[in-house]
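The values are calculated or read from the model by the stated rules, or taken from the named source; none is laboratory data. A quick note: this is a predicted structure, and the numbers were derived from the prediction, not measured. Because the Cβ atoms are built from the backbone with ideal geometry, glycine has one as well, and the counts that use them run over all protein chains shown. Please note that ligands, DNA and RNA were not included when accessible areas were found on the heavy atoms of the full protein model with its side chains. Shrake-Rupley method; radii C 1.70, N 1.55, O 1.52, S 1.80 Å.
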Amino acid sequence: MNADLMNLDDLVELVDRVEHARGQALAIGESSAVKAAFHAAGSISLGHPYTYGVDADRFCTLLATTNPALAEQFRTHRAAAQSLGPAP
């Protein structure tokens, strides 16, 4: 994972980490919020967000507008991912 940018592969890895830690998959509403935040962050990030990535902090900030608890889980697991390597 890049320290500043998060691409689709990073997002999938992060979702895996959150789900693994919780012991359950994201609920439908949660996954919709994650998708919406990623797309919104991409629309105001670089010209090609799915290739280069979106600003990770912006993604978490946007996710927090609809689900603050989930955004905090993503922040926590993103920080861990940057120091630990690939998801289990």
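Answer yes or no: is there a residue in the stretch 28-38 that is surrounded by fewer than 16 Cβ atoms within 10 Å (Cβ to Cβ), modelled with pLDDT of 85 or more and either of a type in the set (D, E, K, R) or under 21 Å from Ala80 (Cα atoms) (or both).
yes
Among the residues of the stretch 3-21, count how many are free of Cβ contacts under 8 Å to residues at least 60 places away in the same chain, in a helix (DSSP H, G or I) and open to solvent by 70 Å² or more (accessible area, probe 1.4 Å).
3
Looking at the stretch 73-88, which of the residues that are exposed (fewer than 13 other Cβ atoms within 10 Å of the Cβ) and among the aliphatic types (A, V, I, L, M) is modelled with the lowest pLDDT?
Going through the qualifying residues, I end up with Leu84.
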